[in-house]
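What follows is a single structure, written as structure tokens, with notes after it.
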Amino acid sequence: MSIATKTQAPGVEKLVASPIDAAIMAAESHAEQSMFVQDCLAIAKPRLSILVLLSVVAGFVLATPAELDLMRLLHAVLGTALVAIGSGALNQVLERKTDALMERTKNRPLATGRMNPGSVLLFGAASSIAGLLYLAVQTNLDTSLLAAVTLLLYVFVYTPLKAVTPLNTLVGAVPGALPPLIGWAAVAETADLNIKAWSLFMILFIWQLPHFLAIAWIYRHDYSRAGLQMWPTVDPDGDVTGRQVVVQSLLLLPLSLLPCVFRLSGPLYLLGAAVLGLAFLAFGINFAVRKTDRAARQLFLASVIYLPLVLGLMMYDRL
């Protein structure tokens, strides 16, 4: 039974929505707008972008010899954010079919068809190009080139390799470790990417390996269903995966102390990095021994706590 009522104008009959109908229509419109905002955020991958930008800030702070140039830092962060958002969008365009096959990603806007691939492709390209141009103008060309390398490796090398070889994690760790170099290069007109800068690169490079192996173990059935070649999909018993996690966590411990060796940080960071590194190693060993989803989730949680704390300590002790 319709709740609408009829009104009569001279020679015209029309339906006027009741207050209840109007409220329902308003609620539906609000829900659609809310879903669109959520989809835009999903395309931008904000959680991944936050870690990227934190790494950029760390590289900038540690490369600064004296007082921080906050405006230049802001330019570096804004430009990198645009590139990160663009690369996330392009990645999802390429992975929309495999995303639809996995429980973890099947509700992404491109996987469900809520967003048009062509529109997202255009947005990703525009955001990436805008970010690269912004970095070139507001910081320097070296910073823009490093951001471009990061984008190209992540979108056009790492992403396709996920369907080819489990070694994709090693390749993907390279663009993931470049953001501190972007921040480092942004400090001066000409980048001086010395051994100190590359020590930051190595910390992030090695950190990513157990971090991604934990994710791959948790979603190994998803990855297998989508035909993606991650270590847990080719190592169902988890023996190789577990050994890799332990070796990588062990290697991370001395690497994380290099900023002290190079006098980028002081004794507070030395103590904090040692404690955090030992704790991270403990979670890695626990996963290697148990090989359970719970142990993998604990390792993943430890990894996302470890990195911000290490970078934060590094910057705090530097300042």
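Let's see how each residue does on (1) modelled with pLDDT under 95; (2) surrounded by 17 or more Cβ atoms within 10 Å (Cβ to Cβ); (3) more than 22 Å from Glu189 (Cβ to Cβ):
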{"site": "Gly79", "(1), (2), (3)": "no, yes, no"}
{"site": "Val83", "(1), (2), (3)": "no, yes, no"}
{"site": "Glu103", "(1), (2), (3)": "yes, no, yes"}
{"site": "Lys106", "(1), (2), (3)": "yes, no, yes"}
{"site": "Phe123", "(1), (2), (3)": "no, yes, yes"}
{"site": "Tyr134", "(1), (2), (3)": "no, yes, no"}
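Quick one: would you say Arg72 is among the basic types (Lys, Arg), assigned by TED's automatic domain parsing to the domain that holds Pro179, farther than 19 Å from Pro175 by Cβ and modelled with pLDDT under 95? Against the criterion (among the basic types (Lys, Arg), assigned by TED's automatic domain parsing to the domain that holds Pro179, farther than 19 Å from Pro175 by Cβ and modelled with pLDDT under 95), Arg72 does not qualify. The residues in the range 52-110 that are under 21 Å from Leu204 (Cα atoms) and of a type in the set (D, E, K, R) can be counted, and the count is 0. Would you say Thr165 is crowded, with 21+ Cβ neighbours inside 10 Å and either outside any helix (DSSP H, G or I) or among the polar types (S, T, N, Q) (or both)? Here the answer is no, as Thr165 does not meet what is asked.
Pairs linking a residue in the range 283-305 that is not assigned by TED's automatic domain parsing to the domain that holds Leu54 to a residue that is among the acidic types (Asp, Glu) and part of a helix (DSSP H, G or I), with Cβ atoms under 9 Å and 6 or more positions apart or on different chains, are Ala288/Asp239; Lys291/Asp239.
Going by the structure shown, is Ile203 in a helix (DSSP H, G or I), touching a residue at least 12 places away in the same chain (Cβ under 8 Å) and closer than 30 Å to Val261 by Cα? So Ile203 fits the description; yes.
Table: residues versus (1) touching a residue at least 12 places away in the same chain (Cβ under 8 Å); (2) in a helix (DSSP H, G or I); (3) closer than 19 Å to Ala44 by Cβ.
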{"residue": "Met102", "(1), (2), (3)": "yes, no, no"}
{"residue": "Phe123", "(1), (2), (3)": "yes, yes, yes"}
{"residue": "Leu145", "(1), (2), (3)": "no, yes, no"}
{"residue": "Thr159", "(1), (2), (3)": "yes, yes, yes"}
{"residue": "Pro175", "(1), (2), (3)": "yes, yes, yes"}
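Restricting attention to the range 8-63 and to residues that are among the charged types (D, E, K, R) and in contact with a helix residue (DSSP H, G or I) (Cβ under 8 Å, 6 or more places away or on another chain), the residue that is modelled with the lowest pLDDT turns out to be Lys45. At least 2 residues being exposed (fewer than 15 other Cβ atoms within 10 Å of the Cβ) is the threshold, and among the helices (runs of 4 or more DSSP H) wholly inside the range 228-307 those reaching it are 239-255, 267-290.
The values are calculated or read from the model by the stated rules, or taken from the named source; none is laboratory data. Because the structure is a prediction, the values reported are computed rather than measured. FYI the Cβ positions are ideal-geometry reconstructions off the backbone, even for glycines, and counts take in every protein chain you see.
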